[in-house]
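Participant: Provided herewith is a single structure, encoded as structure tokens, for subsequent inquiry.
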Amino acid sequence: MVEAAITLVAAALYAGSVYLLLSNSVVRLLLGIALLSNAVNLTIFAAGRVTGEIPPIIPASLKVPAPDIANPLPQALILTAIVIGFSLFAFVLVLTYRSYQALGTDNANEMRVAEPENPARPPVGY
Amino acid sequence: MQQPPTDLGNWLVVWPIIIPLLTAALGIMARARIGWQPVIALAGFAATAIMSVALLAAVSANGPLALTMSNWPAPFGITFAVDMLGALLASVATLVAGLVTVYSLHDVDTAARRHGFYPLMLMLLVGINGSFLTGDIFNLYVWFEVMLIASFGLIIIGGSKEQLDGAIKYCFISLLGTTLFLIATGLLYGVAGTLNMADLYRTVQTLSADTSLAIIATLYALAFGIKAAAFPVFFWLPASYHTPKFAVSAVFAGLLTKVGVYALIRTFTMVFPQGPGMVFEILTVVGVATMLIGAMGALAQNELRRMLGYLVISGIGMMILGLALHTPQTIAATIFYAVHSILVITALYLMVGTISRMAGTTRLSELGGLYSASPMLAGLFLVLVFAVAGFPPFSGLWPKLILVSGGFSEGAYWSTSAVLLTSVLVTIAVGRAWGLVFWRPAPAGQSIQILDRATWRTMVWPAALLVGAIVLIGFFPVMLFDLVATASLSLADPSAYIGAVLGSGP
């Protein structure tokens, strides 16, 4: 039940991020990346099967954990993914700002410095 | 219950990652001393090179080696597992990155050094070696990201408009590619319950009826295809790889796409050896399209580095085709081609950097007459032309020969003919480039600057050493082919790898 709700939210985030990632404006690409990382984190969480509310700690009286503890591995994966995601997002944010300063535009289709519109053809003879 | 710590000798598996990491940290601590930076970096690269070659020797002698972090039992701890494929690629990558760093002594200026060029190169090597040496698929994602962020830093050092433009294209799609990798890994964990590659090999076999495996496998193919510059997601490469400094271009084109190919090989021999769904058919079509479009793209370029970028793409297509045909012979061809491509592509980019320094431009329409300025450079470039086109007697012949003979014996006539057609197109493209740059008389108004001895040494000798390696592999391929065959056979039958991983630890 909870997994279904989480999956639906993740699906909505994926939809939003794909829409934004297909945009011309680099700022919208940024927002798409942010939504995408959130969607992925929810996916990993749901994939780990949302089991119980019992923390993954072995109680003092037992030798092994109780059978329906919360699954700690997806949580570790998500933490790693969050950290990686936000550090890369921070870089791309500054890159976008700097490229807006240098190139003067936010529209990816108008950024033609590296790949000019009509490049010279290679010579056909000596 | 105390365990004795793992003794230092077993750490050989992780030294190629730890040494450049510590050296990069040292470089950052000494960031005010610009004069020390190259010394620290070269010392780090030399030590890492020794360790990776020692690792290669150890894996050659003893079979796959594994080390699980914190000495935890294998499927639960993160394992670093090195078989011949990982050790071979890690050694080649370290040596090539070291040579590019020697080249960069006269290519990067003081401003770049102040912005941390050398620590970033070391961190790039950390990510590359980590990817090659890890045995856990989520850990592979982490090393991909380490490599990615180091490459973001390197592509932007210099800050010109072209670099910012190229960086926007490169950064967003690479980020998207690695996020797709993460999605596939999360879904794979949900289906299989484990992330250790050796354990996945056994677990996925029991799950062969599960239809979601086809989706996950295709998602992995797409994610690694973005990294490896496969059709139809390769357009970021000609948009960005020609923008940064020449040393950075060389190491990117030589190494980063091959990490994507390595990840494809590892995933489709260890995790999905049967290729659920139609993944191998899709990869065959992708490989053929990539190699043909890459070759045709190379013919259309006027700027040398963009032409080389398309040649990289064409090589990637051949490697993907070898993987998709999925016999030990064609996978051996893929691995051989990967090693050959690292050497040749890096050498070509370094040569283009030297040409640019001498002639002031990299446009074919404006270059010419460099033969009279430097016959040695022309000779080296000619060797590289032959090597990248796949002509005897240089190293390009052997992987194409193995791939074509493997493909024909598999019955894949159309795709193997595409390999031959691509070789023709690539020959035309690079042969024409050599003729225009070196052979024809200089166009009017061009002045060729003769480099001084110190600059000449640091710029040409790394490329010359790579050319020497290409000639050596061309004339004596058996040495490399033994390693490659061992790698391919251990991928076809990973029982030694799995024994090393799951038998390690208490």
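The values are calculated or read from the model by the stated rules, or taken from the named source; none is laboratory data. Since we're looking at a predicted model, the values are computed, not measured. Cβ coordinates were reconstructed from backbone atoms using ideal geometry, including for glycine residues, and neighbour counts include every protein chain displayed.
Participant: Hey, among the residues in region B:155-186 that are outside any helix (DSSP H, G or I) and either more than 9 Å from chain A (Cβ to nearest Cβ) or of a type in the set (Phe, Trp, Tyr) (or both), which one's farthest from the chain's Cα centre (by Cα)?
Facilitator: B:158
Participant: Shifting gears a bit: Looking at B:243, B:284, B:257, B:290, can you tell me which residue is in contact with a helix residue (DSSP H, G or I) (Cβ under 6 Å, 6 or more places away or on another chain), hydroxyl-bearing (Ser, Thr, Tyr) and surrounded by fewer than 24 Cβ atoms within 10 Å (Cβ to Cβ)?
Facilitator: B:284
Participant: Exactly one condition in (1) outside any loop (DSSP other than H, G, I, E, B); (2) within 11 Å of chain A (Cβ to nearest Cβ) is not met by residue B:118; state its number.
Facilitator: (2)
Participant: I'd like to check something: does region B:436-456 contain any residue that is under 25 Å from the mean Cα position of the chain (by Cα) and either under 27 Å from residue B:321 (Cα atoms) or surrounded by 14 or more Cβ atoms within 10 Å (Cβ to Cβ) (or both)?
Facilitator: No, there is no match, as no residue in region B:436-456 is under 25 Å from the mean Cα position of the chain (by Cα) and either under 27 Å from residue B:321 (Cα atoms) or surrounded by 14 or more Cβ atoms within 10 Å (Cβ to Cβ) (or both).
Participant: For region B:367-378, does any single residue satisfy the condition of being in contact with a Lys or Arg (Cβ under 7 Å, 6 or more places away or on another chain), crowded, with 21+ Cβ neighbours inside 10 Å and within 20 Å of residue B:458 (Cβ to Cβ)?
Facilitator: no
Participant: Within the set of pairs 6 or more residues apart or between chains, which connect a residue that is facing chain B (nearest Cβ under 10 Å) inside region A:101-126 to a residue that is part of a helix (DSSP H, G or I) and surrounded by fewer than 17 Cβ atoms within 10 Å (Cβ to Cβ) with Cβ atoms less than 7 Å apart?
Facilitator: A:102/B:161; A:103/B:161; A:113/B:161
Participant: Now for a separate question. Identify the residue in region A:36-54 that is surrounded by 11 or more Cβ atoms within 10 Å (Cβ to Cβ) and in a loop (DSSP other than H, G, I, E, B) and, among all such residues, is farthest from the other protein chains (Cβ to nearest Cβ).
Facilitator: A:52
Participant: Can you confirm whether residue A:20 is more than 11 Å from every other protein chain (Cβ to nearest Cβ), touching a Lys or Arg at 6+ places or on another chain (Cβ under 9 Å), over 19 Å from residue B:138 (Cβ atoms) and outside any loop (DSSP other than H, G, I, E, B)?
Facilitator: Spelling it out, residue A:20 is indeed more than 11 Å from every other protein chain (Cβ to nearest Cβ), touching a Lys or Arg at 6+ places or on another chain (Cβ under 9 Å), over 19 Å from residue B:138 (Cβ atoms) and outside any loop (DSSP other than H, G, I, E, B).
Participant: Let me ask another. Here is a list: A:69, A:54. Which entry is farther than 23 Å from residue A:106 by Cβ, out of contact with any Gly (no Cβ under 9 Å at 6 or more places or on another chain) and free of Cβ contacts under 8 Å to residues at least 24 places away in the same chain?
Facilitator: Result of the check over A:69, A:54: A:54.
Participant: When residues of region A:30-56 are filtered for being among the β-branched types (Val, Ile, Thr) and at pLDDT below 85, how many remain?
Facilitator: 3
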